[in-house]
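S.K.: I'd like to ask some things about the structure below.
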Amino acid sequence: MANKKEKAADDAGLETTAPDTESVEKEDNNTQTEEKETSLQEQLTEALKKADDNWNLFLSARAEADNIQKRAQRDVSNAHKYALEKFIPELLGVKDSLELGAKAARESAEADNEQLEKFLQGSDMTINLFNVFTGQRYDHQFI
């Protein structure tokens with residue numbers, strides 16, 4: 001009987017099938033596509049946020065590295081600049097001792113003249129080298 005009804009319905013141009021399965025499948029596909037699209041949008045948003053966070057971390061690390069490099073260069077420059085200022089005053093004691101020794105030798109009448117002359121000559125040469133080295137920039141009386 002069903003065949004006769006279907007044949008009669010076909011002849012009349014009517015469909016006797018249950019609700020259209022194609023439209024149900026299309027709705028399911030559309031829903032699944034929308035869910036996938038929403039999921040992909042969320043993943044894209046998360047990935048962009050993570051990329052932005054990583055970019056900011058990179059910029060911070062780069063700025064910190066630049067600051068460290070500048071600080072190190074400044075420290076080296078200051079070390080070179082102030083190294084002699086600390087070293088030369090320590091040498092002033094040596095110069096003073098040489099000058100006192102030369103003065104004492106000149107005032108001493110007991111020493112052999114030849115030995116005394118050699119000692120004084122060596123002391124004077126050392127004092128002159130010190131003066132050339134320091135450029136006579138330091139007056140030891142004020143330090």
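S.K.: Inside the range 27-52, can you point out the residues that are of a type in the set (D, E, K, R) and within 45 Å of the chain's Cα centre (by Cα)?
M.R.: LYS36, GLU37, GLU42, GLU46, LYS49, LYS50, ASP52
S.K.: Sticking with this structure for a sec: Considering the range 76-116 alone, what residues qualify as being charged (D, E, K, R) and surrounded by 10 or more Cβ atoms within 10 Å (Cβ to Cβ)? Break it down stepwise before answering.
M.R.: Kept after step one, since they are charged (D, E, K, R), are these residues of the range 76-116: 81, 85-86, 90, 95-96, 99, 103, 106-107, 110, 112, 114.
Those that are charged (D, E, K, R) and surrounded by 10 or more Cβ atoms within 10 Å (Cβ to Cβ): GLU85, LYS95, ASP96, GLU99, LYS103, ARG106.
S.K.: Next question, about the same structure. Write out, first by first residue and then by second, each pair whose Cβ atoms fall under 6 Å of each other, whose residues are 6+ apart or on separate chains, and whose first residue, in the range 68-95, is over 30 Å from SER123 (Cβ atoms) while the second is surrounded by 10 or more Cβ atoms within 10 Å (Cβ to Cβ) and of a type in the set (D, E, K, R).
M.R.: As it stands, the answer is none, since no pair meets every condition given.
Every read-out reported here was derived from the displayed coordinates using simple, explicitly stated rules and does not represent laboratory data. These figures come from a predicted structure and were not determined experimentally. Here Cβ is always computed from backbone atoms with ideal geometry, including for glycine, and neighbour counts include all displayed protein chains.
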